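The values are calculated or read from the model by the stated rules, or taken from the named source; none is laboratory data. Keep in mind that this is a model prediction, so the values were computed, not measured. Every residue, glycine as well, gets a Cβ built from its backbone with ideal geometry; the counts of neighbours run over all protein chains shown.
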Amino acid sequence: MKRIFFMAFLLIPSLLYTMPQRGGGMRGRSSQNNDRQTEVSKIKEFNAAETAGIFYYDVPKVVKKLKIKDGSIKTKLTRFLRTYNFKVKEIALLNKENFDDLNVIMKITRSSNRSSNSFQNNNQNKVPNVRQKISEIIRPIRIKIIALEENLNESLVVVLSEKQNKKWFKYQKGIKENMQPKRPNRRQNNTTQDQRRGVQRRGF
């Protein structure tokens with residue numbers, strides 16, 4: 001039943017993508033398509049697993065980053081990180097099918113968004129709220145990951161020194177920030193749109 005839902009869900013955006021674009025000359029449309037493709041290429045490809053918070057710690061790298069010298073602390077740190085990685089891997093394996101389906105949905109939806117704005121506005125009520133559907137699936141998984149992360153941090157606070165904990169939280173924050181999708185600069189997008197309007201006015 002779930003597979004049928006996803007297949008039906010995929011068909012709508014794909015049909016939208018196959019509709020012809022309207023307005024503007026051939027050169028105008030070609031220029032717009034190239035600009036949109038350039039903008040899309042700058043955006044990090046959607047990854048459902050990463051969006052849910054799935055990632056694994058490189059244990060030797062963490063030990064080196066925190067400059068752990070004490071053997072007993074190193075042993076405890078290694079055990080905590082490996083336990084965390086193992087539990088996250090279990091969650092990832094249980095949800096692999098969902099992640100794969102969501103990745104396909106987002107890829108097709110982003111492609112369909114390249115169609116003309118007028119076509120999208122006329123059909124916005126017919127297009128499923130893709131991000132809402134994704135959130136409904138991702139949110140429960142993310143909550144589990146956050147709970148595991150909190151347990152890990154609580155365990156490390158007891159083991160690590162104050163200085164090491166500061167390094168740990170900074171390192172952890174950096175990893176999660178790198179996982180966030182990058183969006184194109186708004187000012188750059190406005191400049192590109194102004195350039196497209198100028199080309200259309202000149203009739204090229």
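Suppose we keep only residues that are modelled with pLDDT of 95 or more and of a type in the set (Asp, Glu) within the range 48-96. Which one would you say is farthest from residue 148 (Cα to Cα)?
58
Are any residues in the range 41-82 of a type in the set (Ser, Thr, Tyr) and within 28 Å of residue 134 (Cα to Cα), and if so, which ones? Talk me through it step by step, then tell me what you get.
Kept after step one, since they are of a type in the set (Ser, Thr, Tyr), are these residues of the range 41-82: 41, 51, 56-57, 72, 75, 78.
The answer is 41, 51, 56, 57.
Report yes if residue 118 is surrounded by fewer than 16 Cβ atoms within 10 Å (Cβ to Cβ), in a helix (DSSP H, G or I) and modelled with pLDDT under 75, otherwise no.
Details: surrounded by fewer than 16 Cβ atoms within 10 Å (Cβ to Cβ): yes; in a helix (DSSP H, G or I): yes; modelled with pLDDT under 75: yes.
Judged against the criteria, residue 118 is a match.
Quick check on my filter: what residues within the range 62-76 are under 18 Å from residue 175 (Cα atoms) and aliphatic (A, V, I, L, M)?
Within the range 62-76, 62, 63, 66 meet the criteria.
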